[in-house]
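A.B. asks: Below is a structure I'd like to ask you about.
The values are calculated or read from the model by the stated rules, or taken from the named source; none is laboratory data. Everything numeric in this text was worked out from a predicted model, so none of it was measured. For neighbour counting, all protein chains shown are included, and Cβ atoms are generated from backbone atoms with ideal geometry for every residue, glycine included. All accessible areas refer to the heavy atoms of the entire protein, side chains included, with ligands and DNA or RNA removed. Shrake-Rupley method; radii C 1.70, N 1.55, O 1.52, S 1.80 Å.
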Amino acid sequence: MTLPRHLLFASSILGLAACSQPAAKAPETTPLSGDWVVNSDGSHVSFVSIKSGDIAEAHTFGEIDGTVLADGSATIEIPLETVQTNIDLRDERMRDFLFETDTYPTANVTAKLDPAVFSGLGIGDSTVIPVTAQLDLHGQTNEIDTNLQVTRIAADKVLVTTVTPIFIDTADFALSDGVEKLRELANLPAITPVVPVDFSILLTH
């Protein structure tokens with residue numbers, strides 16, 4: 001069937017218009033520069049307690065705050081009162097007798113990163129960087145050495161995770177008396193004083 005002349009003309013005009021439209025550009029990947037903030041909802045810090053020699057239990061904190069500035073200065077703050085062990089009474093005992101949150105409300109981590117190491121990461125790329133951080137906990141400050149994996153998961157999002165657990169000795173942070181108090185209250189034969197810690201921090205530009 002032959003189309004009427006005016007329909008053929010209209011089709012030709014539409015075809016030319018479509019061909020003249022510029023091709024859509026792929027979104028550009030911006031450099032990892034500027035300041036970043038911690039997305040608390042997408043982040044977590046967990047630690048494992050071991051009691052009676054072989055019973056391990058995982059715990060977390062409900063809130064994490066912090067920033068990574070353009071010069072690489074990183075600060076992470078963990079409100080210790082948000083500790084979550086799935087047992088309300090144990091949460092209360094950890095706040096009161098272990099962390100003593102009325103006096104020491106937060107754990108603070110500071111570190112100096114080298115922005116050049118990961119400034120060129122494309123989306124989906126990752127790199128592992130060695131980090132020496134300062135942990136201020138329960139009135140004591142100690143250095144912690146670890147390796148962190150940095151992954152760019154979106155143009156404006158970076159995920160920072162521990163490669164292996166960080167082992168915290170409670171004696172290094174004046175927490176031994178608190179551990180002993182928890183052991184007495186729970187009527188346990190022992191609580192292991194060395195605690196493995198893992199974290200996953202989501203940073204948003």
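A.B. asks: If each residue of separation counts as 0.36 nm, what is the full-extension length gain between Leu89 and Ser200 once their alpha-carbon separation is subtracted?
C.D. replies: Contour length minus Cα-Cα distance gives 37.3 nm.
A.B. asks: Would you tell me the accessible area of Leu32, worked out with a 1.4 angstrom probe on the heavy atoms of the protein chains, in Å² to the nearest 10?
C.D. replies: Per-residue accessible area (Leu32): approximately 20 Å².
A.B. asks: Still on this model: Quick one: if the Förster radius is 30 Å, what FRET efficiency do Asn187 and Gln140 give, using the C-beta to C-beta distance and rounding to 0.05?
C.D. replies: After rounding to 0.05, the efficiency reads 0.60.
A.B. asks: Extending each Cα 7 Å along its Cβ direction at Thr110 and Asp65, get the distance between those two points in nm, one decimal.
C.D. replies: My value for the distance between the label points is 1.6 nm.
A.B. asks: Keeping every protein chain present and rolling a 1.4 Å probe, give me the accessible area per residue for the stretch 111-205 in Å².
C.D. replies: Heavy-atom accessible area per residue stands at 51 Å².
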